[in-house]
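Novice: First the structure, then my questions, so here it is.
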Amino acid sequence: MTTIGGTGELELLALIKKFLGAEAGGDDAAVLAEMGPFTIASTDMAVEGVHFDLGWMTAEDAGWRALALALGDLAAKGASPTWALTSVAVPRSWKVDDFVGLFAGMHALAAKVGMAIEGGDMSAIDGPAVLSLTVAGHASARPLPRSAAKPGWSVAVTGPLGGAALALRQRRALRLEPLLEQGKRLNGLGLCCGDISDGLVREMEKFAEMSGCGCDLRALDVPVAGGASLEDALTSGEEVELVCVGPEDVVRSAGLTTVGVLTRERAVNLEGAEIAGRGYDHFA
């Protein structure tokens, strides 16, 4: 198998050029036309050994997964994705096929959701591979930020949680699909949504930090994915499901599963279960 070392940047670029959008043009900067009144942008990172493992998943799976999780932020804001920039740093010992596969996986999902990978950068690194993704999209209305949440609002989720933790234990790669259309519908109703990237409890702690509103979470009301545990559902990160907050009647009309209520006190309280951790924290 040919490795990255000695291949040369231009040859690597030639190998992945077919996965880049037409506007990329081989330049170091992309010229893009904005498509909506509000541009929503987010950046996400995938680190080998932390977010993906080529020992039990393919490079294509890793690329798809990285873009899917990055798009979760756009889904939460009700945005239609339009473009992405991707930068990757890989060890020279990486196989060229895996390097190409990473882009093939991202391209496959990008094509499915109607967005283009418009360019990026590449570098060699001594440590594990690092993939950085910047994604952007457009929304017709300004989405509500976490800081807009109010005491008394209901907390709800779009579907069963814990599947990501179960797949990780089973060393089974998931081809996650971000809830882009669902996100647009929920934002259109005036709900404030967040992606569950670090676990439901941790996500509600983020709401508390930004809005000053705490939360009473009813653990036994949280829907659990088949085969997962209740603790998985409460703490599993890298989920595609969304957590949404808003007035009770709006949440009810959206057809979501209500799991709690926002409170005036800043604390996030869990009723009906005890858990060992609160969710994933890179720096804990």
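The values are calculated or read from the model by the stated rules, or taken from the named source; none is laboratory data. Remember, predicted model here, so these are calculated numbers, not experimental data. Note: ideal-geometry Cβ built from the backbone for every residue, glycine included; neighbour counts use all protein chains shown.
Novice: Looking at (1) assigned to a helix (DSSP H, G or I); (2) within 21 Å of ILE196 (Cβ to Cβ); (3) over 9 Å from the mean Cα position of the chain (by Cα), can you tell me which one PRO81 breaks?
Specialist: Of (1) assigned to a helix (DSSP H, G or I); (2) within 21 Å of ILE196 (Cβ to Cβ); (3) over 9 Å from the mean Cα position of the chain (by Cα), only one is false for PRO81: (1).
Novice: Let me ask something additional. Give the residues of the stretch 179-193 that are surrounded by fewer than 23 Cβ atoms within 10 Å (Cβ to Cβ) and either among the hydrophobic types (A, V, I, L, M, F, W, C) or in a loop (DSSP other than H, G, I, E, B) (or both), sorted by residue number.
Specialist: LEU179, LEU180, LEU189, GLY190
Novice: Look through the stretch 231-284, keep the residues that are over 25 Å from ASN187 (Cβ atoms), out of contact with any strand residue (DSSP E or B) (no Cβ under 6 Å at 6 or more places or on another chain) and of a type in the set (Asp, Glu), and return whichever of them is modelled with the lowest pLDDT.
Specialist: ASP281
Novice: Here is a follow-up. Among the numbered criteria (1) more than 16 Å from the chain's Cα centre (by Cα); (2) assigned by TED's automatic domain parsing to the domain that holds THR158; (3) not in a strand (DSSP E or B), which single criterion is violated by LEU262?
Specialist: Unmet for LEU262, out of (1) more than 16 Å from the chain's Cα centre (by Cα); (2) assigned by TED's automatic domain parsing to the domain that holds THR158; (3) not in a strand (DSSP E or B): (3).
Novice: So, one more: Answer with yes or no whether LEU186 is outside the structural domain of GLY63 (by TED's automatic domain parsing) and modelled with pLDDT of 95 or more.
Specialist: Numbers: outside the structural domain of GLY63 (by TED's automatic domain parsing): yes; modelled with pLDDT of 95 or more: yes.
Judged against the criteria, LEU186 is a match.
Okay, residues lined up against (1) at pLDDT 80 or above; (2) under 20 Å from LEU180 (Cα atoms); (3) surrounded by 12 or more Cβ atoms within 10 Å (Cβ to Cβ):
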residue	(1), (2), (3)
ALA14	no, no, no
PHE52	yes, no, yes
THR58	yes, no, yes
ALA68	yes, yes, yes
VAL96	yes, no, yes
GLY101	yes, no, yes
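Novice: Can you name every residue in the stretch 45-71 that is farther than 13 Å from LEU109 by Cα and in contact with an Asp or Glu (Cβ under 7 Å, 6 or more places away or on another chain)?
Specialist: If the condition is that a residue be farther than 13 Å from LEU109 by Cα and in contact with an Asp or Glu (Cβ under 7 Å, 6 or more places away or on another chain), then LEU54, ALA59 are the ones that fit.
Novice: For the stretch 231-252, give me each residue that is farther than 17 Å from ASP73 by Cα and either in contact (Cβ under 8 Å) with a residue 24 or more places away in the chain or of a type outside the set (Asp, Glu) (or both).
Specialist: GLU231, ASP232, ALA233, LEU234, THR235, GLY246, PRO247, GLU248, VAL250, VAL251, ARG252 - these are the residues of the stretch 231-252 that are farther than 17 Å from ASP73 by Cα and either in contact (Cβ under 8 Å) with a residue 24 or more places away in the chain or of a type outside the set (Asp, Glu) (or both).
Novice: Please find, among ALA76, ALA89, the residue that is touching a residue at least 12 places away in the same chain (Cβ under 8 Å), among the aliphatic types (A, V, I, L, M), on the phi < 0 side of the Ramachandran plot and buried (at least 21 other Cβ atoms within 10 Å of the Cβ).
Specialist: Result of the check over ALA76, ALA89: ALA76.
Novice: Still on this structure, I have one more. Kindly indicate whether MET45 is over 18 Å from LEU179 (Cα atoms), part of a loop (DSSP other than H, G, I, E, B) and in contact (Cβ under 8 Å) with a residue 40 or more places away in the chain.
Specialist: When the stated conditions are applied, MET45 does not pass them.
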